[in-house]
């Protein structure tokens, strides 16, 4: 029997940081699975799915506490997933002039319909001609089988006009 | 004046989770910048770079505490980055039969040379023919100008033979 846990980390980017984490995981008998770590605002930030021998969580927790103080680490045990609902995946891409609350308004529309966001990547970029700041988001959504896609498309089109951003809905690549 | 902070989140995947976060950020006057959130082991995990009005950090901290208990949230203030060192970026891709400690051994070699890992993505997959579990890692590294690339290439080739994984070093795409 194994237990799984998700480890998140925020630390000042520097050589040896990944190694320090990998050391701790290996020393406590853990196996490093899916992970995604990247620079964000000059820090090194990300998450790792770790598989541990049964009862191995406290040892990993303890060992993580010995990492340097400027490393913020969180450990959460992964509990078995409830049965997956039926439905389909779609991609939503969004781009518009950056201002507070864009993401909030779009995600609020999705949540009201019971649409789940499975992944989200956002970024700010400067428009070449005007120098204006643009907010860009790529969203993978899961639409439950009970919800017609037209309803989602209409809702997104409506909010797109209201908050003046371009929103595109397409079939998910994966 | 603004302050920046990195917010990490681990929560059970469900509709409305991104909206709950976006609500809190918008309500405390924050702006949602670069972010990356995705499913990991049935959870929704990721990080967001948030820009806040000066002195706005305690308000965001307070508001985050009101989120549901099954959401683990961390907030870390971003301090100005020290001057960036000179050097070049390269990509390292690695694939081999999964076993404990692969990543530790490779990252330890990189850290010893003073090579910085800027991003890391790992995953486990099953080999089509044998059904064996394969560990795959894509790493973006920063090699300081004082370190010849040949030294890095030789060290990676050496460890590759020792731990029996394929390692490829190439120019970074970005």
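The values are calculated or read from the model by the stated rules, or taken from the named source; none is laboratory data. Given the structure is predicted, the values throughout are model-derived calculations rather than measurements. Don't worry about glycine lacking a Cβ; one is built from the backbone with ideal geometry, like all the others, and counts go over all protein chains shown.
Table for the structure above
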item: Members of the range A:87-101 found to be more than 7 Å from chain B (Cβ to nearest Cβ) and assigned to a loop (DSSP other than H, G, I, E, B), listed by number; result: A:98, A:99
item: Subset of the range B:41-60 (residues that are crowded, with 19+ Cβ neighbours inside 10 Å, outside any strand (DSSP E or B) and at the interface with chain A (Cβ under 7 Å from one of its Cβ atoms)); result: B:41
item: Any hit, the range A:17-40, residues being at the interface with another protein chain (Cβ under 7 Å from one of its Cβ atoms) and under 16 Å from residue B:5 (Cβ atoms); result: yes
item: Residue match in the range A:66-75 (condition: touching a strand residue (DSSP E or B) at 6+ places or on another chain (Cβ under 6 Å), closer than 17 Å to residue A:32 by Cβ and free of Cβ contacts under 8 Å to residues at least 40 places away in the same chain); result: no
item: Residue B:137 part of a helix (DSSP H, G or I), touching a residue at least 24 places away in the same chain (Cβ under 8 Å) and either more than 10 Å from every other protein chain (Cβ to nearest Cβ) or at negative phi (or both); result: no
item: Criterion (within 20 Å of the chain's Cα centre (by Cα) and outside any strand (DSSP E or B)) met by exactly one of A:105, A:121; result: A:105
item: Enumeration of residues in the range B:140-173 that are part of a loop (DSSP other than H, G, I, E, B), loosely packed, with under 14 Cβ neighbours inside 10 Å and over 23 Å from the mean Cα position of the chain (by Cα); result: B:145, B:146, B:148, B:164
item: Output for the range B:66-86, where each listed residue is surrounded by 15 or more Cβ atoms within 10 Å (Cβ to Cβ) and either at positive phi or within 7 Å of another protein chain (Cβ to nearest Cβ) (or both); result: B:72, B:74, B:76, B:78
item: Of residues in the range A:108-118 being in a loop (DSSP other than H, G, I, E, B) and within 7 Å of another protein chain (Cβ to nearest Cβ), the one surrounded by the most Cβ atoms within 10 Å (Cβ to Cβ); result: A:115
item: The one condition in (1) out of contact with any helix residue (DSSP H, G or I) (no Cβ under 6 Å at 6 or more places or on another chain); (2) facing chain B (nearest Cβ under 7 Å) that residue A:104 fails to fulfil; result: (1)
item: Boolean, residue A:9 is farther than 20 Å from residue B:124 by Cα and buried (at least 23 other Cβ atoms within 10 Å of the Cβ); result: yes
item: Test result for residue B:73, closer than 17 Å to residue A:47 by Cα, outside the structural domain of residue B:123 (by TED's automatic domain parsing) and under 16 Å from the mean Cα position of the chain (by Cα); result: no
